[in-house]
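Below is one structure; the comments refer to it alone.
The values are calculated or read from the model by the stated rules, or taken from the named source; none is laboratory data. Note that this is a predicted model, so its numbers are computed, not measured. A quick note on method: Cβ atoms are made from the backbone with ideal geometry, for glycine too, and the neighbour counts reach across all protein chains shown. Surface accessibility is based on the protein's heavy atoms, side chains included, excluding ligands, DNA and RNA. Shrake-Rupley method; radii C 1.70, N 1.55, O 1.52, S 1.80 Å.
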Amino acid sequence: MLLGVNIDHVATLRQARYALLPDSPNAEPSPLQAALDARDGGADSITIHVRGDRRHMQDRDAFEIREKCPLPLNFEMGVTREMQALALELKPDFACLVPETREEVTTEGGLDVLGRFDEVKACVAVLREAGIRVSLFIDPDVAQVEASGEAGAEMIELHTGCFANAVADERAMEVERLVEASRCGVGMDLQVNAGHGINYDNVASLFEVPHLAELNIGHTIVSRAMRVGMVEAVREMKAAMEGYPG
Ligand code: PXP
């Protein structure tokens, strides 16, 4: 199982002070440096999300990371014309289509592929035509998985937010939903990834979910990096993922 490290919150910290001073020579921390450190810690890919409101990653971060970090780049994006144009210019290895509203603190809930089918399918086609592999970030729901396959995606990323927030019996139920969705995805020839809210403590509970190719993890790694540095934080997560049966 591979690890994609989401470094958005490195940019969140920089923007907290330098949003209005983008050209300041003092602007820190550097998302590019975080990407390179994540690579040194064993990350398999780097994930960034340029949101419509540019609250953390900026366009120039995306281009700089694309140019200078040798790892595959996973570009999370809303299904908008603006982001589609940016993706076509950036040419990431992967694009992950996510829902995006201005009010949310972070991505809440999966993309409603069923409800937005034509729009999503059109965006997937444009990106794939440009040679970008496309993933859809969806709730672990069989109907959404099936719609994702029909929309032409190559991958799905199962939203693990409910899993991460659940305790006891509810956690077991959420694992079961992920198991079912993952089996359905593989049955449709989709690569199955997962992400959101995964941390050092709960990652082992995902070992029961079969067929997971990649986990995308951000907040907990950036938080841990404040104590041990990014290289070590990523190493620790890779170690925590090691027991996955494959
Ligand atoms: N995957 C997707 C699609 C996301 O939107 C996010 C959050 O930005 C993540 C993974 C990473 O979630 P977390 O920061 O909770 O690890």
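Radius of gyration (Cα atoms) of region 107-188, expressed as a multiple of 2.2 N^0.38 Å: 1.13. Derived scalar couplings between HN and Hα for region 152-160 equal x, 5, 8, 9, 10, 10, 6, 6, 9 Hz in order, rounded to whole Hz, by the Karplus curve 6.51 cos²θ - 1.76 cosθ + 1.60 (θ = phi - 60°), x for Gly and Pro. Note on LYS121: lysines with a C-alpha under 25 Å away, same-chain residues under 8 apart excluded, are LYS91.
For the set ARG183, ARG39, ARG81, the ranking by accessible area, highest first and with no ligand, DNA or RNA atoms included, is ARG81, ARG183, ARG39 under a 1.4 Å probe. Under a model in which nothing but the beta-carbon of Lys, Arg (+1) and Asp, Glu (-1) is charged, region 55-172 shows a dipole of about 420 debye around its Cα centre.
In the full protein context, the chain carries 46 Å² of accessible surface per residue, based on a 1.4 Å probe and ignoring ligands, DNA and RNA.
Region 171-232 to region 1-35: how many Å between their Cα centroids? Value for the Cα centre distance between the two parts: 23 Å. Note on the chain: with charges restricted to the Cβ of Lys and Arg (+1) and Asp and Glu (-1), its dipole about the Cα centre is near 700 debye. Relative contact order for region 1-119: 21 percent, from Cα pairs under 8 Å spaced at least 6 residues apart, divided by residue count. Positive end of the charge dipole of the chain (Lys, Arg +1 and Asp, Glu -1 on Cβ, about the Cα centre): tell me which of ALA11, VAL167, VAL126 has its Cα farthest that way. Value: ALA11. Expressed as a whole percent, the accessible surface of region 132-216 that belongs to carbon and sulfur atoms is 47, based on a 1.4 Å probe.
Taking amide H positions as modeled 1.01 Å from N, with prolines and chain starts lacking one, the residues under 5 Å from GLN191 and 5 or more places away or on another chain are MET155, ILE156.
Between LEU2 and GLU214, LEU215, the built amide H atoms are under 5 Å apart, and every one of these is 5 or more places off in sequence or on another chain.
Using the Karplus relation 6.51 cos²θ - 1.76 cosθ + 1.60 with θ = phi - 60°, the per-residue 3J(HN,Hα) values for region 208-218 come to 6, 8, x, 6, 6, 8, 8, 10, 10, 10, x Hz, with x marking Gly and Pro. Applied to region 121-132, the Karplus parametrisation 6.51 cos²θ - 1.76 cosθ + 1.60 on θ = phi - 60° returns per-residue 3J(HN,Hα) values of 4, 5, 5, 4, 5, 5, 5, 5, 4, 8, x, 9 Hz, with x for Gly and Pro.
For THR47, the residues whose amide H sits under 5 Å from its own are VAL5, ASN6, ILE7, ASN74, ignoring neighbours fewer than 5 places away on the same chain, with H placed 1.01 Å from N. For region 57-97, the Cβ-based charge dipole about the Cα centre amounts to some 80 debye (Lys, Arg positive; Asp, Glu negative; other atoms uncharged).
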